[in-house]
Amino acid sequence: MMPQAHIIGTGSAVPERILTNKDLESIVDTSDEWIIRRTGIKERRISSKEKDESTTDLATKASLKAMEMAGISSENLDMIVVGTVTSDRQFPSTACMVQQDLKAENAIAFDVSAGCTGFLYALTIANNAIRCGTCENALVIGVERLSSVVNWRDRNTCVLLADGAGAVVVTSKKDRGGILSSRLKSDGTLWELLYSSYGNSYIPEVLQGIDLKPLHLEMDGNRLFKKAIEYMSTITQRVMQDTSLSSEEIQLVIPHQANIRIIQGLAKSLKVPMEKVYTNIHKYGNTSSATIPIALDEANREGLVKKGENVLLVSFGSGLTWGASILNWSF
Ligand code: ACO
């Protein structure tokens, strides 16, 4: 039997500082009532330099918790793969910075940029490496510090996005189960629905004095909203076909936490009751590639996923990218 990729530990880390909807009322023209009604978000976490909450710090903290749960030491990691679009530095990768922190000297380390689907892209890469036999133990991380790229004057986006990290340890086992199916998609023709002009922050000398756009994030929320439900629903049907599982046989759904109305629309389209859908968007907002591993860790620690149960992970994000995985929970 081919080796199978099993998650054996989960961890997460969010910044200490809570930014409530009320706090946002003093920054932009918005209201607690509007944000809750249109998005489901009540508060979010924003990182502080003084508290050692850089992208690398958050990723390392989440990783240590996942490794502790897995009972694995850093020298046994062969791969560290990080989904992020908000690295502390343009290079080297966050994964290499985490490798240094963990002293994971035997691992290869690299980042994946796939917007909010970054964690599922990273998990799928680790799954493929394990199934090919080129990796025994992988650390897969989703981490974001979106507060560093948000335009804090734009009420359309600043109320949604936030900071956090989640991690899982994935290991090779001959046992049945683990990651049963994983599918990814992207459509680059839709990149303008959500992007950051980060590249413009470096102004070549020859262009100095010319009015270039400052660092900012642009989003077409309405179009994204519709695509999100459609694409997540279609790709979920693909992984259900792959595994011959019906929606009744999925015990827990962990969707990307972008907007409670998107999550409800997805659940309706999949005919899954909301009781089976894990949400924590009210506490953390949209932390991009970190939403799924944070939610998975919280659901796991709350005892909501039991050995032998099937868990669906599904996401979409900037790119556009989208993806879904079905896991048979191993521990
Ligand atoms: N407070 C108060 N009013 C607001 C706010 C705010 N924070 N933001 C927008 N509005 C206003 C708009 O200006 C608009 O006013 P107008 O009618 O006078 O023009 C009105 O509210 C309605 O705006 P809509 O954009 O139609 O509101 P909608 O119900 O679509 O909600 C939202 C907007 C929340 C952005 C929604 O479209 C959404 O969640 N889209 C998906 C966004 C998303 O998922 N992004 C991330 C995807 S990838 C990733 O996760 C990084």
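The values are calculated or read from the model by the stated rules, or taken from the named source; none is laboratory data. This is a predicted model, so every value here is computed, not measured. Glycine gets a Cβ as well: all are built from the backbone with ideal geometry, and neighbour counts include every protein chain shown. Ligands, DNA and RNA are excluded from the accessible area calculation, which covers all protein heavy atoms including side chains. Shrake-Rupley method; radii C 1.70, N 1.55, O 1.52, S 1.80 Å.
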Exercise for the section: Any chance you could count how many residues in the stretch 135-144 are closer than 15 Å to ALA258 by Cα and open to solvent by 10 Å² or more (accessible area, probe 1.4 Å)? Expected result: 0
Handout entry: Tally of residues being farther than 26 Å from LYS22 by Cα, within 16 Å of the ligand (Cβ to nearest atom) and either open to solvent by 10 Å² or more (accessible area, probe 1.4 Å) or among the polar types (S, T, N, Q) (or both) across the stretch 280-331
Key = 6
Practice task
Might you let me know whether the stretch 154-161 holds any residue that is farther than 20 Å from VAL239 by Cα and open to solvent by 50 Å² or more (accessible area, probe 1.4 Å)?
Solution key: yes
Handout entry: Selection from the stretch 19-53 of residues that are farther than 16 Å from ARG155 by Cβ, open to solvent by 70 Å² or more (accessible area, probe 1.4 Å) and modelled with pLDDT of 95 or more
Key = LYS42
Problem - Inter-residue pairs, beta-carbon under 9 Å, first under 15 Å from LYS283 (Cα atoms) and more than 11 Å from the ligand (Cβ to nearest atom) and in the stretch 27-56, second open to solvent by less than 20 Å² (accessible area, probe 1.4 Å) and of a type in the set (Val, Ile, Thr), 6+ apart - result: LYS42/ILE35; LYS42/ILE281; ARG44/VAL159; ARG44/THR287; ARG45/THR287; SER47/THR55
Handout entry: the stretch 251-271 - residue that is more than 16 Å from the ligand (Cβ to nearest atom) and surrounded by 19 or more Cβ atoms within 10 Å (Cβ to Cβ) and, of those, nearest to LEU160 (Cα to Cα)
Key = VAL253
Problem - Matching helices (runs of 4 or more DSSP H) fully within the stretch 244-325 where at least 2 residues are within 18 Å of THR234 (Cβ to Cβ) and of a type outside the set (Lys, Arg) - result: 260-270
